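Accompanying notes for the structure given below.
The values are calculated or read from the model by the stated rules, or taken from the named source; none is laboratory data. Note that the structure is a prediction, hence the values are computed from the model and not measured. When we count neighbours, we look across all protein chains shown, and the Cβ atoms used for this are built from the backbone with ideal geometry, even at glycine. Only protein heavy atoms, including side chains, enter the accessible area calculation; ligands, DNA and RNA are left aside. Shrake-Rupley method; radii C 1.70, N 1.55, O 1.52, S 1.80 Å.
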Amino acid sequence: MADAKLTGVVLAGGESRRMGQNKALLAVGGEKAIEAIIGAMSEAGLDVIVAANGQNASAYHMLGREIVCDRYPGQGPLSGIHAALHAARTPWIIVAACDMPFVTPGLFRFLKKIAEDAETGPAAGGFQAVIPMEGGRVQPLLAAYHASVLPALEDSLATGRLRMTEWLERLRVRYIPEDVLAKETGLEAGHVFFNMNRPEDYRAALAKRREEEAGR
């Protein structure tokens, strides 16, 4: 997608310890979770890449997408964001964790519009990240980041300070309140930000999908 202005990144480098199997490849409805995310990003006009680790990268070759591997292995989602920013050919990326099966093109279009309208880079005084909120909590794994975050990100990784909230404190962030998200997109935050960490979460996702299909 040569004309894409933003890059979509699926963060798929986790070890899925609590799930007991690769949660990105779990089927929710008729497609795998990672396929649903890639489809939504593509429909929103994003050029999609997958951020993985060296051990699980081969599991995603069948997706036909560029796969980038962590430069700081074992350092969590910050490492995936770091690898993606280095690989992206656009100033902004929009990331999504691989275990969020209910994300929508509308959500990605919303984040894309805010990023495209932003004054990019610290020299211009603009924000460096766009992060939605849900239930009073930030959602940094479904958010947009500008390449200017790299120095602070590399410092965090090099010094082992891996808490995302600590890293975000060093950035200029535009937080999107839940009510604004709902007004602008019509989406229910609790639904689109649902993620699957444990087997019971996966069962809940399957039940949610059945309810959706029954309501059509």
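Odds and ends about this structure:
- The set of residues from the range 5-32 being open to solvent by 20 Å² or more (accessible area, probe 1.4 Å) and either part of a loop (DSSP other than H, G, I, E, B) or hydroxyl-bearing (S, T, Y) (or both) comprises K5, G13, G14, E15, R17, R18, G20, Q21, N22, G29, G30.
- Close pairs (8 angstrom Cβ cut-off, 6 or more residues apart or separate chains): surrounded by fewer than 17 Cβ atoms within 10 Å (Cβ to Cβ) in the range 73-87, part of a helix (DSSP H, G or I) anywhere: P73/S79; H86/L150
- Hits in the range 33-56 (condition: open to solvent by 10 Å² or more (accessible area, probe 1.4 Å) and either of a type in the set (D, E, K, R) or over 25 Å from A204 (Cβ atoms) (or both)): E35, S42, E43, G45, D47, N53, G54, Q55
- Residue within the range 15-22 that is within 20 Å of G76 (Cα to Cα) and among the small types (G, A, S) present: yes
- Checked against (1) closer than 20 Å to G13 by Cβ; (2) touching a helix residue (DSSP H, G or I) at 6+ places or on another chain (Cβ under 6 Å), R161 meets all criteria but (2).
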